Amino acid sequence: MRLLATAVCIFSLSTVFAQGKSPLVFEKATALRYGATITPASTKAQLAVIAGEEMEGRETGTRGQKRAAAYILSQFREAGLQPGANGQWEQHYPLYRDSLETGIITTGGRTFHFGTDFYANVQETPNINMEAGVIFAGYGVVTPERNDYKGLDVKGKIVMVREGVPTGVLREKANPTEKAAVAAFRGATALLVVSKSANRFRLLDQEYLRRTDIYKSRDTSGRPGVYYITPVMAAAIMGRDSVQAEKGLLPVEAPQALQIRFEKKDLTLRPSNVLGYLEGTDKKDELVFITAHYDHLGIVDGKINYGADDDGSGTTAVIEMAKAFGKAAREGHRPRRSIVFMTVSGEEKGLLGSDYYTSNPVYPLAKTVVDLNIDMIGRIDPEHEHDPNYIYIIGDDKISSALRPLSENVNNNFTRFKLDYKFNDPNDPHQFYYRSDHYNFARHGIPVIFYFNGTHADYHQPTDTVEKINYDLLARRAQLVFYTAWQIAMTDTKL
Ligand SMILES: [Zn+2]
């Protein structure tokens, strides 16, 4: 489960209310025989490996994540699955992370340093090593009434501007990105914004400032870099004092050229989604997906974030279901539809693995009948301390009207949990519907169920460890998903 993003993209789906009954389409005793192979002991043994020391918290792009992938695919192989990604077990995808190696600006024998004298967004600022003259262009604003570039030729030059806008000009014109676009349109090669707040960056952790987080596409737009410089630095470039620089009382042209060196180490990571495939019989072209994310937060401030519940529990459930379905198939009980067991990475970085899969699907999305996604099913949240026989169900009624009655009937026949729909309310402030991998399937119109135990004090903490897991609940919740998948894989009509 990823953290709630500050800006949630609202995607509305019409809610269709379920109607009618959904009888079991398989022999209960047969299903029970295989469901019963998922036990507290077997889930405990799996999770001990997945959330163990060796995996180092499974952060996407690290060796811990790669070890986890290798382990999961070994379990899929043992379960009797076939490689699920065009003959491979893993679907690799690119992610990026950059760090600044050299960030200095020099003029007239003086050197200014990134983090102390100026700041630039490392992800958005291109690599550059250049020298050019500096032109001061006031606020750098162009409107029908005002043109700060009037009479200035900035082609091939570095433009320096004040931050903000003069009175009477729209606030939006203060946006540095817009100012950079205005400067670039006139041929400028970089933009310096004189900013008092550039002083505050020296108070922050310099390692952190120099490194980007993981992101999913590298900007190749060729936009000029934007550098936020202190008034003291602006004054030094322009040969004035800093009070004049703060007030924007600067000459049009700097006495000396400026050299900018902004050189990054661009890392490309190759994390993966792990896919195991179990071929169906008469409806094998249609796919039932069972998913969970195997990545977590990794090592933070020297401490391993084990992610036993988040989402070691879901990863365990997927592996255990793969083994149960694999055994059933070997003993003559192959599902009619094919089942894809997929553990994804990149979830904690913004659902990136499932985003990549659904944008680059191995199996046609039009033939993908459901995604049963599991993210945190090994714990009890504070609301259910006295009533632990529950599971939150999210998203089940949003795309197919047939899924909820099917899910409820399976639960009534087998696991008898209280299915809690509280977080399925689109107005719930937690917005869990948008916060795990099923969402990327739902975006493509594929019916989903998201299984979830709610958050707790150990959520996204190094204390989310294996000894706090309730293995009886974990095994039974995995069984609920198992029987639901079995029913969906065997039913006559597509959802
Ligand atoms: Zn999480």
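The values are calculated or read from the model by the stated rules, or taken from the named source; none is laboratory data. Since the model is a prediction, treat every value here as computed from it, not as a measurement. Because the Cβ atoms are built from the backbone with ideal geometry, glycine has one as well, and the counts that use them run over all protein chains shown. The protein model used for the area step is the full one, side chains on, heavy atoms only, and it has no ligands, DNA or RNA in it. Shrake-Rupley method; radii C 1.70, N 1.55, O 1.52, S 1.80 Å.
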* Helix axis angle, 63-78 relative to the chain longest principal axis, alpha carbon, degrees -> 20
* **Sites excluded, GluC sites (Glu not before Pro) in DSSP loops with at most 12 other C-beta within 10 Å, longest stretch of the chain** => 146-330
* Can you pull the one-decimal nm distance between simple spin-label points at ASP219 and ASP492, each 7 Å off the Cα toward Cβ? => 5.7
* Asked: Taking a spot 7 Å from the Cα of LYS44 along the direction of its beta carbon, which residues of segment 465-483 have an amide N less than 14 Å from it?
  -> 466-476
* Per residue, how much accessible area does segment 98-268 show when a 1.4 Å probe rolls over the protein heavy atoms, in square angstrom? -> 51
* Which shape class, rounded, prolate or oblate, goes with segment 297-439 when its Cα gyration tensor gives a ≥ b ≥ c as root eigenvalues, a/c under 1.5 marks rounded, and past that a/b bigger than b/c marks prolate? -> rounded
* VAL300 versus ALA457: modelled label distance in nm, points set 7 Å from Cα along the beta carbon direction -> 1.7
* To do: Kindly sort HIS430, HIS460 by accessible area of their heavy atoms, largest first, with the probe set to 1.4 Å.
  => HIS430, HIS460
* Could you calculate the contour length gain from LYS265 to ILE104, that is, 0.36 nm times the residue separation minus the distance between their Cα atoms, to one decimal place in nm? => 56.5 nm
* **Theoretical ellipticity at 222 nm over the chain - DSSP helices of four or more residues, -39500 (n - 2.57) apiece, nearest 500** => -7500 deg cm²/dmol
* Label-zone membership for segment 311-350, site GLU279, 7 angstrom Cα→C-beta point, backbone N under 17 Å -> 326-341
* **Potential lengthening between HIS92 and THR30 on full extension [0.36 nm per residue; Cα-Cα distance subtracted]** => 18.6 nm
* Label LYS196 and GLN123 with points 7 Å out from Cα along Cα→Cβ: what is the distance between them in nm? -> 2.9
* Asked: Counting Lys and Arg as +1 and Asp and Glu as -1, each charge on the Cβ, what is the dipole of the chain about the Cα centre in debye, to the nearest 20?
  -> 900
* Structure fact -> Note on segment 98-268: contact order normalised by length, alpha-carbon pairs under 8 Å, 6 or more apart, percent, works out to 38
* Asked: Of ILE399, ILE237, which has the most accessible area with a 1.4 Å probe, and how do the rest follow in descending order?
  -> ILE399, ILE237
* Asked: LYS247: which aspartates and glutamates have alpha carbons under 12 Å from its alpha carbon, excluding same-chain residues fewer than 8 sequence positions away?
  -> GLU163
* Once you sort the root eigenvalues of the Cα gyration tensor of segment 144-210 as a ≥ b ≥ c, which label holds: rounded (a/c under 1.5), prolate (a/b larger than b/c) or oblate (the other case)? -> oblate
* Asked: Relative contact order, percent, of the chain when contacts are C-alpha pairs under 8 Å separated by at least 6 residues?
  -> 24
* Classify the chain: rounded, prolate or oblate, from the alpha-carbon gyration tensor (a ≥ b ≥ c, eigenvalue square roots; a/c under 1.5 rounded; otherwise prolate if a/b is larger than b/c)? -> prolate
* Asked: DSSP loop trypsin sites (Lys or Arg not before Pro) in segment 107-207 with at most 12 other Cβ atoms within 10 Å of their Cβ, which ones?
  -> LYS150, LYS155
* Within straight cross-link reach of LYS284, meaning Cα distance under 17 Å, which lysines are found once same-chain residues fewer than 8 apart are removed? -> LYS367, LYS494
* From phi via Karplus (6.51, -1.76, 1.60), per-residue ³J(HN,Hα) for segment 94-110 in Hz, x at Gly/Pro -> x, 9, 10, 8, 10, 9, 7, 8, 10, x, 9, 10, 10, 7, x, x, 9
